[in-house]
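Below is one structure, written out as structure tokens; the observations come after it.
The values are calculated or read from the model by the stated rules, or taken from the named source; none is laboratory data. This is a predicted model, so every value here is computed, not measured. When we count neighbours, we look across all protein chains shown, and the Cβ atoms used for this are built from the backbone with ideal geometry, even at glycine.
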Amino acid sequence: MSNYIVSARKYRPVTFDSVVGQSSLTTTLKNSIQSGRLAHAYLFCGPRGVGKTTCARIFAKTINCLNPKPNGDACEECESCRAFNEQRSYNIHELDAASNNSVEDIRQLIEQVNIPPQVGRYKVFIVDEVHMLSTAAFNAFLKTLEEPPAHAIFILATTEKHKLLPTILSRCQIYDFNRMTVQNIVGHLENVARQEGITYEPTALNVIAQKADGGMRDALSIFDQVASFCQGNITYQQTIADLNVLDYDYYFKLVDYFLGNNIPDIMLTFDEILSKGFEGSHFVGGLNNHLRNLLVSRDAATVKLLETSDEVRQRYAEQAQRCQPRFLYAAIRKCTDCDLNYRMSQNKRLLVELTLIEIAQLATGDADALPSGLGPTENSLTHSGDKQLKPVFHPAANAAQTAPSAKTEHSQPVSTPAATPAPKAKPQPVETKPTTSGQSFSIHKTTTPTTQKKQQPQQPSPASTHAEKEGTSAPLTQENLTITWREMAHNMFADDAAMLNRLEQHIPQLQPDDNTLLITADNPMVAELIQRHTPQLQQQLQTTFIQPSLHINVTVRTQEERPRHLTQHQQFNKMCKENEALGKLQQEFQLEIE
């Protein structure tokens, strides 16, 4: 039985033309070889598995070929090419800087640089993972890298160019390798499958390409794994089972349920996904990506951004035509908010389920019916029986809010005599009728029924002023800001009692420009702790009140502004000045403060 060689090594490119996805770089290298304009140092940088080391080896072999072909490739027949292919060439040296990163290792390399080549014209030194060299090793390497002998060429390869010293970068010609596209990876995998005699489904290879995340070496390794699992017949179902990938059919079904406002099937589908062992955050991320794909599929100019097979692309195009852009924008925002709050949620499953219900409500016709932010308010969540989401308010209250004079505090109900001033309108209870259809599903905020005779004047809650008209956000007032801030603190820091207490004690104050919120901390340490979470809090407030320009400033109280801590006697004397009867009470009963 012959030794098995993995595909990543067996099908490694041996010529510039066989390198996948780097045509501009390989063309530049070939032209420089043909014209004889070779630099003394090259830097190949890019993600893992995109061909950096492979191109370095092909370049080293080609410049040492004694009889190059007219197109610039190596002949593969001369002594230098045979020595390279048999891994016995003394002209090409590879150094793994990850394990040989000391000054001594660099000194040994410098000693080899001074020895001229025995066969061929150049000695090529390939330093892989060069960013792992120590600072002392870099400094020892600088002089040789800048002025090497005429026969020496250095090729440095790295995945993290930002870690290299500027003095190293300035001495090299820099080649940035691109990530492999899904189409490039699929094309190469099809070629490998044909040579190996493996049958495949195009959608299965597409899943492998997406899983590889732009790396050809990763794609070939996954291909070998799936080929072993499928025993030579790679199918889509077996591929997602082996790689533990969530089937995109679930996302297509969920969007259909969203458009039909079919909440029971949405809940059952999510339960089925959880039963297969998928994490809720993984599901939300996949759903968000699916909605993004639907968005780019609506326009012929952006459909090129969709990296998938032709069959799946057609399904995206068909479903995208049934989705309104406004619905997709709002749904993506809901998924993004859920993804941000998932880690901090106490009940993660409920958070995802509530997000799915809200997305289904968005598809009923008004994408702004539900406010984006921390959760539902007075707007009721209804099912397919309701054509449009409406706030649960009494018509008189709405009339009072939409009247030209916004400062009027009392409205005149129809049933109240004109001579008697009417109290401020109060939201009326909503009667919920039992439903008999299995598809009916509704969530309403209920109130305690009261008779008209017992009704007393009552100030509306701050949340009842959430909208001056249907579909708008709450006005930014200090009262609404305080309520929203406390809700945010409890939702985001339920597990951090100390931070929750700090936020409750430091309520932001709305400034006169209506775009600035000021938080005054008692000391610099508290200010720093609040400042760490300011971007997240600020983004949530911008979304809740729909004010993108809203920002939070955190300051520290000065020594004069800090409250003085009074003794018990000082506190009592202060109280007596404010209330003289308290002092008389003390004198009459001869009370003492202990």
For this session: At least 3 residues that are in contact with a strand residue (DSSP E or B) (Cβ under 9 Å, 6 or more places away or on another chain) in each: list the helices (runs of 4 or more DSSP H) lying fully within region 480-556 that qualify.
Result: 524-532, 534-545
Exercise. Looking at 72, 120, 36, which is the one that is under 47 Å from the mean Cα position of the chain (by Cα), of a type in the set (Gly, Ala, Ser) and surrounded by 14 or more Cβ atoms within 10 Å (Cβ to Cβ)?
Worked result: 72
Problem set entry | Residues that are closer than 18 Å to residue 221 by Cβ and crowded, with 19+ Cβ neighbours inside 10 Å, drawn from region 172-183 | 180, 182
Exercise. Among 478, 458, 452, which is the only one that is over 27 Å from the mean Cα position of the chain (by Cα) and at pLDDT 80 or above?
Worked result: 478
Problem set entry | Where residue 52 falls short, out of the listed (1) at pLDDT below 90; (2) within 24 Å of residue 170 (Cβ to Cβ); (3) of a type in the set (Lys, Arg) | (1)
Problem set entry | Checking residue 150 against (1) exposed (fewer than 14 other Cβ atoms within 10 Å of the Cβ); (2) over 24 Å from residue 28 (Cβ atoms), the condition it does not meet | (2)
Problem set entry | Every residue from region 280-317 that is touching a helix residue (DSSP H, G or I) at 6+ places or on another chain (Cβ under 9 Å), more than 23 Å from residue 334 (Cβ to Cβ) and either free of Cβ contacts under 8 Å to residues at least 60 places away in the same chain or outside any loop (DSSP other than H, G, I, E, B) (or both) | 303, 304, 310, 311, 312, 313, 317
Exercise. Name the pairs whose Cβ atoms lie under 9 Å apart, with the first residue in region 169-193 and farther than 21 Å from residue 7 by Cβ and among the hydroxyl-bearing types (Ser, Thr, Tyr), the second at pLDDT below 90 and not in a helix (DSSP H, G or I), and 6 or more positions between them or separate chains?
Worked result: 175/22
Exercise. Taking region 76-129 as the search range and keeping residues that are of a type in the set (D, E, K, R) and in a helix (DSSP H, G or I), which one is farthest from residue 44 (Cα to Cα)?
Worked result: 79
Exercise. Would you call residue 239 in contact (Cβ under 8 Å) with a residue 40 or more places away in the chain and crowded, with 19+ Cβ neighbours inside 10 Å?
Worked result: no
For this session: Please go through region 342-357 and pick out each residue that is in contact with a helix residue (DSSP H, G or I) (Cβ under 8 Å, 6 or more places away or on another chain) and outside any helix (DSSP H, G or I).
Result: 343, 344, 345
